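The values are calculated or read from the model by the stated rules, or taken from the named source; none is laboratory data. Quick caveat: nothing in here was measured; it's all calculated off a predicted structure. Cβ placement follows ideal geometry from the backbone for every residue including glycine, while neighbour counts extend to all protein chains displayed. All accessible areas refer to the heavy atoms of the entire protein, side chains included, with ligands and DNA or RNA removed. Shrake-Rupley method; radii C 1.70, N 1.55, O 1.52, S 1.80 Å.
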Amino acid sequence: RESCYTCAYANSRREGDFTIGDFWGIERIRPELPAHGGISLLMVNSAQAKAVFPEIFQSLSFVETTFEQASAENSQLMHPVLHSTKRGALLAAARGNDFGPVVVLWRRAYRKEAVLFRLKQLIPKTVKKSLKMFLKSRIKG
């Protein structure tokens, strides 16, 4: 939506009682969580929300994090999203009845990211952790 690029609500002062979205980057903050299908973010923004949250959380599995952690890879929580240089081409391709041109453009534009994402998913978490610890020790040493 065009309005997303100028959204007055994309900042740390949340207007609603709750904010719900995808928790991007949770695997770096809480690697022990099973994030393979994605994890949702539920922000409790008001006194009213805090009052009803104990009733709600009984049916939820949740962990507390800070706003800083939640917004680290969710930049739209801090400011409106930026226009993508690819947006115009994708919208033009989507105007027809055939979705094929959109898929072709998307694959071209994000081929590298898609391949890297798939490769990262193939690496077991234990190997990722070991590699990360090794690299950290090399940098400190």
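Would you confirm, using the coordinates I've provided, whether A47 is closer than 24 Å to R1 by Cα and over 22 Å from the mean Cα position of the chain (by Cα)?
Spelling it out, it is not the case that A47 is closer than 24 Å to R1 by Cα and over 22 Å from the mean Cα position of the chain (by Cα).
For residues that are part of a loop (DSSP other than H, G, I, E, B) and small (G, A, S), tally how many sit in the stretch 1-55.
Looking only at that region, the number is 9.
Answer yes or no as to whether E64 is in contact (Cβ under 8 Å) with a residue 24 or more places away in the chain, in a loop (DSSP other than H, G, I, E, B) and acidic (D, E).
no
For every residue, the table says whether it meets (1) aliphatic (A, V, I, L, M); (2) closer than 26 Å to C4 by Cβ; (3) open to solvent by less than 60 Å² (accessible area, probe 1.4 Å); (4) modelled with pLDDT of 85 or more.
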residue: I56; (1), (2), (3), (4): yes, no, no, no
residue: S61; (1), (2), (3), (4): no, no, no, no
residue: N74; (1), (2), (3), (4): no, yes, yes, yes
residue: G88; (1), (2), (3), (4): no, yes, yes, no
residue: A93; (1), (2), (3), (4): yes, yes, yes, no
residue: L105; (1), (2), (3), (4): yes, yes, yes, no
residue: A114; (1), (2), (3), (4): yes, yes, yes, no
residue: V127; (1), (2), (3), (4): yes, no, no, yes
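On the given criteria, is I20 of a type in the set (A, V, I, L, M, F, W, C), more than 30 Å from T126 (Cβ to Cβ) and within 16 Å of the chain's Cα centre (by Cα)?
yes
Please find, among A70, A49, the residue that is modelled with pLDDT of 90 or more, among the small types (G, A, S), surrounded by 12 or more Cβ atoms within 10 Å (Cβ to Cβ) and closer than 23 Å to K129 by Cα.
A70
Just checking, how many residues over the stretch 77-86 are open to solvent by less than 60 Å² (accessible area, probe 1.4 Å) and either polar (S, T, N, Q) or free of Cβ contacts under 8 Å to residues at least 40 places away in the same chain (or both)?
Qualifying residue count for the region: 1.
Return the total of residues in the stretch 10-39 being closer than 14 Å to N74 by Cα, open to solvent by 90 Å² or more (accessible area, probe 1.4 Å) and not charged (D, E, K, R).
Going through the stretch 10-39 one residue at a time, the tally reaches 2.
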